[in-house]
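Report on the following structure.
The values are calculated or read from the model by the stated rules, or taken from the named source; none is laboratory data. Quantities reported herein were computed from a predicted structural model and do not represent experimental measurements. Reconstructed Cβ throughout: ideal geometry from the backbone, glycine too, with neighbour counts over all protein chains shown. Keep in mind that these areas ignore ligands, DNA and RNA; they rest on the heavy atoms of the full protein, side chains included. Shrake-Rupley method; radii C 1.70, N 1.55, O 1.52, S 1.80 Å.
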Amino acid sequence: SAVISQKPSRDICQRGTSLTIQCQVDSQVTMMFWYRQQPGQSLTLIATANQGSEATYESGFVIDKFPISRPNLTFSTLTVSNMSPEDSSIYLCSVKLGQVYEQYFGPGTRLTVT
Amino acid sequence: AQSVAQPEDQVNVAEGNPLTVKCTYSVSGNPYLFWYVQYPNRGLQFLLKYITGDNLVKGSYGFEAEFNKSQTSFHLKKPSALVSDSALYFCAVRDNPYSGGGADGLTFGKGTHLIIQP
C-alpha cells in the first residue's frame with residue numbers, strides 16, 4: 001500500500017474563489033487520480049494525472065474548472081476554480097501502484113462553498 | 001461504458017449473523033472488481049479485489065466476495081458480523097485492460113450503508 005496525505009483536510013470558501021488541494025504520496029507512483037464525492041453520493045472520477053503529460057479528464061469535467069498539476073512522481077494538485085455551492089464535495093486523490101490493480105485513497109478534502 | 005449497481009441503500013444485520021452486500025456490474029470485457037469501505041470522516045480503504053482465478057476472493061477484516069460471471073455479480077460477504085463493521089461500502093469496477101478496456105479510473109456504485117446491530 002501507500003501512505004497518502006492531502007492538504008487541506010477541510011476548508012470553507014466563498015463562491016467565486018479558487019482552492020488548490022495538494023496530494024502527497026510516500027513513494028513514487030505512475031498514476032494518480034482525482035475523484036469527487038458529492039454529499040450523500042458515490043465517487044466520480046474527475047481526471048487521471050500522469051507525470052510528464054497533461055491530465056486526462058472525464059466527461060463533464062474540464063481543465064479550466066479543475067486544473068491539475070503533476071510535477072513529479074509523488075505529488076499532485078487539483079484546483080477547484082471559480083467555485084460555486086455546487087462544488088461542495090469531498091475531493092479525494094488516489095494512486096495506483098505499479099502492476100497492482102487496486103487504488104489507494106487519500107483521506108480526502110472536505111470543501112464547503114458558501 | 002462500465003457501470004455498477006448496489007441495489008440496497010442500507011443493510012441491517014444483527015451482530016454475529018452473516019452479512020451480504022450486493023453488487024452487480026456491467027462492462028464490455030472481463031471485469032476487474034473491487035470492494036472498498038468508508039468509515040465516518042475517513043478515506044476509502046481497500047477490502048478486496050477480483051482480477052482472475054478463483055471466484056471466491058478473501059480480503060481484509062474477514063470479508064470475502066463471490067464473483068459470478070453469469071449473474072454479473074460480486075456480492076460482499078462475511079460469516080459473522082461485528083458492530084465495528086458498520087460503515088459505508090462501495091463496489092467498484094474497471095474494464096480489463098487486456099480485453100480492450102479503457103482508462104484505469106474506477107467506476108463506483110452509489111454505496112451501501114451497513115448497520116450491525118448489537
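Quick notes
- Odd one out for B:SER73 among (1) within 14 Å of chain A (Cβ to nearest Cβ); (2) over 30 Å from A:ARG10 (Cα atoms): (1)
- With a requirement of 1 or more residues that are open to solvent by 50 Å² or more (accessible area, probe 1.4 Å), the strands (runs of 3 or more DSSP E) lying completely within chain A that satisfy it span A:4-7, A:10-13, A:19-25, A:43-50, A:68-72, A:109-113.
- Test: residue in region B:88-107 that is within 11 Å of chain A (Cβ to nearest Cβ), touching a residue at least 60 places away in the same chain (Cβ under 8 Å) and charged (D, E, K, R): yes
- Checked against the criteria, A:GLY108 counts as facing chain B (nearest Cβ under 10 Å) and of a type in the set (Gly, Ala, Ser).
- Among the criteria (1) touching a residue at least 60 places away in the same chain (Cβ under 8 Å); (2) over 16 Å from A:PHE66 (Cα atoms), the one A:CYS13 does not fulfil is (2).
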